[in-house]
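To keep things clear, I will list the structure first and then write my remarks on it.
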Amino acid sequence: MKYSGKIIGVALATGLVATSAAWSQDMTFFRIGTGSAGGTYFPIGGVIANAISNPPGSRPCDEGGNCGVPGLVAIAQSTNASAHNVNAIQAGDLEAGLSGAATLHFAYHGVGKYEGNAKPDLRVISNLFPEDLHLVLPKGAKLDGLKDLIGKRVGIAQAGSGTQIAVELIIGDHGVNRDNIDEAELNNSQSAERLADGQLDAYFYAAGTPVAAMLQLDNIKGMDLYSFTDEEVQMANASVPYYVPSTIPAGVYPTVDYDVNTVAVSGILVTNANQPEELIYGITKALWSSTARKLLDNGHPKGRVITLDTALLGVEGIGVPLHPGAERFYKESGLIE
């Protein structure tokens with residue numbers, strides 16, 4: 001069969017018009033603050049960004065495309081994690097971000113290190129996953145209690161991070177502080193490298209297991225994790241109420257063949273109260289779509305524990321309101337009245 005040049009030209013023009021129309025949709029950029037590349041926030045933030053995005057020109061959800069928000073382009077940005085993210089969200093420099101529950105509580109209420117510097121515009125979208133506090137040691141190293149950190153070179157996480165805020169409170173109960181340790185303010189990857197090179201004796205980091213940088217450290221050099229005593233867990237929970245008893249099971253890191261007694265804090269997806277209700281409603285709905293479920297299950301081991309059933313777990317106790325858009329979705333889903 002022969003086609004005239006005129007018919008082909010019309011078909012081509014029609015295709016161009018359709019494409020142009022698709023890309024003429026409004027495009028909304030949505031920046032999500034995460035953490036360092038060697039931690040858990042960064043990969044989880046990337047999965048969430050992918051799940052809620054549906055850029056102009058993409059197939060709609062009902063036609064087999066992603067079930068994200070039409071026109072939304074979400075971007076996961078590497079940051080210094082919790083404290084950086086809540087500051088940037090309050091300032092409008094990020095649309096959303098991940099934060100540990102303790103940092104979120106302190107920042108919203110203006111207590112602890114945030115005294116006189118409250119972040120009243122913070123709002124919750126969802127609880128995500130538990131972040132276990134790791135105290136990483138060189139293979140074969142031992143501590144006879146947290147007090148044994150005195151005089152050692154200790155990584156206390158990034159300056160102003162949620163982990164650092166909690167760690168200083170936790171070790172302070174045992175007489176350990178910046179005056180009697182050689183502290184290093186480093187991210188997880190940097191800390192692991194320093195420990196492997198013999199430049200650190202120990203370092204703290206709170207993240208969902210398994211942590212990529214620790215897996216690499218364990219594979220190359222081996223490592224040990226400090227197991228808190230029951231008394232130390234109770235004291236940590238008293239000083240930082242949002243750090244609750246937890247266990248890192250044997251085998252999560254191949255050479256750590258014993259259960260590790262520790263504490264954990266929930267990782268929370270946070271936004272600003274000024275974000276449009278309709279947008280956050282769409283994002284919350286997209287986060288719990290069937291396509292998002294597949295991405296979470298396959299994107300990172302911690303993604304599997306991010307479920308709608310636990311989306312509001314512990315949120316009320318943090319004392320930070322849900323964003324109205326998220327609240328509307330959870331009411332429709334029957335999770336709240």
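The values are calculated or read from the model by the stated rules, or taken from the named source; none is laboratory data. These numbers come from a predicted model, not from an experiment. Note that we place each Cβ from the backbone using ideal geometry, even for glycine, and neighbour counts take in every protein chain shown. Surface accessibility is based on the protein's heavy atoms, side chains included, excluding ligands, DNA and RNA. Shrake-Rupley method; radii C 1.70, N 1.55, O 1.52, S 1.80 Å.
For this structure, a couple of remarks:
- Residue within segment 89-108 that is open to solvent by less than 50 Å² (accessible area, probe 1.4 Å), under 23 Å from residue 243 (Cα atoms), of a type in the set (S, T, N, Q) and in contact (Cβ under 8 Å) with a residue 40 or more places away in the chain present: yes
- Test: residue in segment 213-233 that is without any contact (Cβ under 8 Å) to a residue 60 or more places away in the chain and under 19 Å from the mean Cα position of the chain (by Cα): yes
- If you go through segment 94-113 and keep only what is at pLDDT below 95, of a type outside the set (A, V, I, L, M) and closer than 27 Å to residue 49 by Cβ, you end up with 100, 103, 105, 106.
- Extreme residue, nearest to residue 175 (Cα to Cα), among residues of segment 221-256 that are open to solvent by less than 50 Å² (accessible area, probe 1.4 Å) and of a type in the set (D, E, K, R): 232
- Some residue of segment 257-267 being open to solvent by 10 Å² or more (accessible area, probe 1.4 Å) and either more than 30 Å from residue 214 (Cα to Cα) or small (Gly, Ala, Ser) (or both): yes
- Of the listed requirements (1) at pLDDT 95 or above; (2) touching a strand residue (DSSP E or B) at 6+ places or on another chain (Cβ under 8 Å); (3) open to solvent by 40 Å² or more (accessible area, probe 1.4 Å); (4) not in a helix (DSSP H, G or I), residue 117 misses just one: (2).
- Flag if residue 202 is open to solvent by less than 10 Å² (accessible area, probe 1.4 Å) and touching a residue at least 60 places away in the same chain (Cβ under 8 Å): yes
- Tally of residues being surrounded by 14 or more Cβ atoms within 10 Å (Cβ to Cβ) and in contact with a strand residue (DSSP E or B) (Cβ under 7 Å, 6 or more places away or on another chain) across segment 296-310: 3
- Scanning segment 55-74 for residues that are over 15 Å from residue 286 (Cβ atoms) and open to solvent by 30 Å² or more (accessible area, probe 1.4 Å) turns up 57, 63, 64.
- Residues that are within 25 Å of residue 104 (Cα to Cα), of a type in the set (Gly, Ala, Ser), surrounded by 11 or more Cβ atoms within 10 Å (Cβ to Cβ) and at pLDDT below 95 are absent from segment 5-22.
- Single condition residue 123 does not satisfy, out of (1) out of contact with any helix residue (DSSP H, G or I) (no Cβ under 6 Å at 6 or more places or on another chain); (2) open to solvent by less than 10 Å² (accessible area, probe 1.4 Å); (3) of a type outside the set (Val, Ile, Thr); (4) assigned to a strand (DSSP E or B): (2)
- Top-ranked residue of segment 172-189 - restricted to ones that are in contact with a strand residue (DSSP E or B) (Cβ under 8 Å, 6 or more places away or on another chain) and outside any loop (DSSP other than H, G, I, E, B), ranked as nearest to residue 36 (Cα to Cα): 188
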